[in-house]
Amino acid sequence: MTATAPILVFMGPAGTGKSTVAGMLAGRLGWDFQEGDDLHPAVNVAKMAAGHALNDDDRWPWLDRVAAWIDGEVAAGRPGVITCSALKRSYRDVLRRDGVTFVLLMGDPKLVLDRLLRRQGHFMPPALLTSQFETLEIPDADEQAIQIDLDLTPGEQVQEVIDRLRLTHSPS
């Protein structure tokens with residue numbers, strides 16, 4: 001029996017560095033990478049850009065798209081990395097599969113706000129950050145998840161993930 005190729009879901013509130021760290025990790029390991037924000041329906045992007053938080057009904061179609069990407073990677077037997085806030089356990093339940101590990105980038109909300117205030121060209125306004133931290137349900141012990149400290153540099157975060165999950169480069 002062949003083991004399922006690992007899939008990492010980088011999760012957490014906006015501004016925690018999911019895209020940066022996930023992209024660096026995927027590049028270093030030679031794994032497929034998908035920016036989860038690119039899978040949002042246009043109506044979701046417009047709603048967030050207008051300063052309105054998404055509700056569960058807004059999120060389900062997006063989570064289905066994220067899950068479909070994961071399923072495609074699993075079916076192809078390829079390891080992959082995707083970003084998705086996955087703030088609630090019920091959202092993670094939609095994404096949970098054999099071989100899926102959630103990587104929560106977490107730290108001081110003030111640090112995250114500072115990052116968001118400096119970020120250019122993203123649809124997520126800093127005003128919605130509080131609602132994301134209020135919505136966040138830290139993964140329970142029965143979930144396949146690790147937490148990575150935002151006090152580390154992105155390069156140190158990548159190395160921490162590699163070390164803790166014993167990840168290796170995929171041959172092309």
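The values are calculated or read from the model by the stated rules, or taken from the named source; none is laboratory data. No experiment lies behind these values; they were computed from the predicted model shown. So basically every Cβ, Gly included, is an ideal-geometry build from the backbone, and we count neighbours across all protein chains shown. Ligands, DNA and RNA are excluded from the accessible area calculation, which covers all protein heavy atoms including side chains. Shrake-Rupley method; radii C 1.70, N 1.55, O 1.52, S 1.80 Å.
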* Structure fact -> Restricted to the range 145-165 and to residues being in a helix (DSSP H, G or I) and either out of contact with any Leu (no Cβ under 9 Å at 6 or more places or on another chain) or among the hydroxyl-bearing types (S, T, Y) (or both), the residue farthest from R28 (Cα to Cα) is R164
* Asked: Out of D64, D38, D58, which single residue is charged (D, E, K, R), over 30 Å from T153 (Cβ atoms) and surrounded by fewer than 14 Cβ atoms within 10 Å (Cβ to Cβ)?
  -> D64
* Being modelled with pLDDT under 95 and among the aliphatic types (A, V, I, L, M) is the filter; apply it to the range 142-172 and report the residue that is least open to solvent (accessible area, probe 1.4 Å). => L150
* To do: Output the number of residues of the range 71-94 satisfying the condition of being buried (at least 23 other Cβ atoms within 10 Å of the Cβ) and β-branched (V, I, T).
  => 3
* Asked: Restricting attention to the range 38-82, and to residues there that are touching a residue at least 24 places away in the same chain (Cβ under 8 Å) and among the basic types (K, R), which single residue is nearest to L95 (Cα to Cα)?
  -> R65
* Among the residues of the range 71-99 satisfying the criterion of being among the β-branched types (V, I, T) and under 12 Å from the mean Cα position of the chain (by Cα), which is farthest from G15 (Cα to Cα)? -> V81
* Asked: What helices (runs of 4 or more DSSP H), lying completely within the range 1-82, carry at least 2 residues that are under 17 Å from F102 (Cα atoms) and among the hydrophobic types (A, V, I, L, M, F, W, C)?
  -> 18-29, 56-76
* Structure fact -> When the range 127-163 is checked residue by residue, the ones that are of a type in the set (D, E, K, R) and farther than 24 Å from Y91 by Cα are D151, E156, E160, D163
* Does at least one position in the range 3-19 carry a residue that is surrounded by fewer than 13 Cβ atoms within 10 Å (Cβ to Cβ), more than 17 Å from the chain's Cα centre (by Cα) and hydroxyl-bearing (S, T, Y)? -> no
* Any hit, the range 110-121, residues being at pLDDT 95 or above and surrounded by 16 or more Cβ atoms within 10 Å (Cβ to Cβ) -> no
* Out of curiosity, is G72 among the small types (G, A, S), under 30 Å from R166 (Cβ atoms) and modelled with pLDDT of 95 or more? -> yes
